[in-house]
1. Scanning region 352-390 for residues that are of a type in the set (Gly, Ala, Ser) and more than 20 Å from the chain's Cα centre (by Cα), which turns out farthest from LYS226 (Cα to Cα)?
2. Among (1) open to solvent by less than 60 Å² (accessible area, probe 1.4 Å); (2) modelled with pLDDT of 95 or more, there is one condition ASP54 misses while meeting the rest; what is its number?
3. Go through GLU125, GLU118, GLU114 for me and flag whichever is within 22 Å of ILE10 (Cβ to Cβ), open to solvent by less than 70 Å² (accessible area, probe 1.4 Å) and either assigned to a helix (DSSP H, G or I) or free of Cβ contacts under 8 Å to residues at least 24 places away in the same chain (or both).
4. Conditions: (1) closer than 28 Å to ASN99 by Cα; (2) basic (Lys, Arg); (3) at pLDDT below 95. LYS43 meets all but one. Number of the miss?
5. Tell me which of these GLY33 doesn't satisfy, since it passes every other one: (1) under 18 Å from SER309 (Cα atoms); (2) in contact with a Leu (Cβ under 9 Å, 6 or more places away or on another chain).
6. Give me a count of the residues in region 203-224 that are crowded, with 23+ Cβ neighbours inside 10 Å and either β-branched (Val, Ile, Thr) or in a strand (DSSP E or B) (or both).
7. Identify all residues within region 287-330 that are in a strand (DSSP E or B), open to solvent by 10 Å² or more (accessible area, probe 1.4 Å) and among the small types (Gly, Ala, Ser); write none if there are none.
8. Of the residues that sit in region 6-25 and are assigned to a loop (DSSP other than H, G, I, E, B) and among the aromatic types (Phe, Trp, Tyr), which one is nearest to VAL95 (Cα to Cα)?
Amino acid sequence: MLNWANRFNICCFLDNHEYHSAHGNIECLAAAGVHRFYSPAEKPLSGLDEFIHDTNDWLFGHLGYELKNELYPTSSSQSDSFGFPALYFFQPEIVVELNHNRLTISSLTKSPGEIFAEIIAVKHEQPATMASVNILPRMSREAYIEHIEKILLHIKRGDCYELNYCQEFYAHHALIHPLNIYLQLTRISPNPFSCFYKLDDKYVLCASPERYLQKKGNRLLSQPMKGTFKRNLSNAADDFALKTALQESEKERSENVMVVDLVRNDLSKICAEGTVRVDELFGVYSFPQVHQMVSSITGMLKDGTSFHSILKASFPMGSMTGAPKKKVLELIEQYEKTGRGVYSGSIGYIHPNGDFDFNVVIRSILYNAVTQYLSYHVGSGITFYSNPEKEYEECLLKAAAIKEVLEQS
């Protein structure tokens, strides 16, 4: 499916890598080709609801972090180096759904039988070996620690309670095969919200473990992920001890519960009174590289609430910003060195029946094949209990799979 989708100029491939969850939707989705799209340069959210209503079909696409400027009285002085629009949704010509042993093909252009034959016939071409990518930090370790110390002063003054601070690692003149890099990345780190996303010459190669927001019927689900410990896959007893230590960590719990409170507040703006609840608090889940602390918050959406209104209440997601959201958006702009672009935004789909599911774009490589610019961001939640040196090490831990893939490419 992925090899077939990659032949199109625009495609979106979503894969949960067979993670089993009570909140699971579709195992694997591929959208390819564009029948129509929506991506205005100015105020992109203002006409989105009308586009969704008029299309009344599958939509795939992304929400860039810079949409915050339409939702909050903020601006962005930093620009990203990729040229992704702040928002892009497309009605695909073809949608392929895989659920266990059932394959469903919907198409505006060809018969399902023709498309199935194409998918089966496509062969993956193994590219020639390429030189490893020379990754550089956007800031030194010392500069990062200095910024964290300044952010901690804001927290001690009461300007904010938690702030998600991110840094960029980048490479110029990077020659990679995006599909092959994605396959290597998800082989090392197969996560439930992985995505291969292609807009002409721009790519997001995403191995995200985190959900931003899901809608099923009138039920909303958000699953913020805050709290990260390394794994020890060579020693089961030590690995279990690390998982237990994460579960009991006061610092990680404080980081998580602040975001949970923020998400509860966000959802209460659009959900019926008394329906917002924390279904799971401080759940610890194991992924290939790390243990993560995940909480689940649900609410019953008020009748007639538009997609725009849902985004206005909840975007950018609390796990990638902090609390209070308006203030930390200003501080992020003040202290981060580069624009986030699609990173810490979201990629996902809207079903024809109005349901949707969107990830958080983290653990991701962004690549522009024309400019040959490549980068990835990593971040962590800064709270009163944060140690700047340990926060830096947490960033490197989160980037370990990406670094390994790029050094071997």
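1. Restricting attention to region 352-390, the residues satisfying the condition of being of a type in the set (Gly, Ala, Ser) are 354, 364, 369, 375, 379-381, 386.
From what is left, the residues that are more than 20 Å from the chain's Cα centre (by Cα) are 354, 369, 386.
On the way: GLY354: 29, ALA369: 33, SER386: 13 Å.
By that ranking, first place goes to ALA369.
2. Going through the list (1) open to solvent by less than 60 Å² (accessible area, probe 1.4 Å); (2) modelled with pLDDT of 95 or more, ASP54 breaks only (1).
3. Selected residue: GLU118, the only one of GLU125, GLU118, GLU114 that is within 22 Å of ILE10 (Cβ to Cβ), open to solvent by less than 70 Å² (accessible area, probe 1.4 Å) and either assigned to a helix (DSSP H, G or I) or free of Cβ contacts under 8 Å to residues at least 24 places away in the same chain (or both).
4. Only one criterion in (1) closer than 28 Å to ASN99 by Cα; (2) basic (Lys, Arg); (3) at pLDDT below 95 is unmet by LYS43, namely (1).
5. (1)
6. Number of matching residues: 11.
7. Scanning region 287-330 gives a single hit, ALA323.
8. PHE8
The values are calculated or read from the model by the stated rules, or taken from the named source; none is laboratory data. Just so you know, these numbers come straight off a predicted model, no measurement behind them. Heads up, the Cβs are rebuilt from the backbone with ideal geometry, glycines too, and the neighbour counts pull from every protein chain shown. Side chains are part of the model used for accessible areas, which takes the heavy atoms of the whole protein and leaves out ligands, DNA and RNA. Shrake-Rupley method; radii C 1.70, N 1.55, O 1.52, S 1.80 Å.
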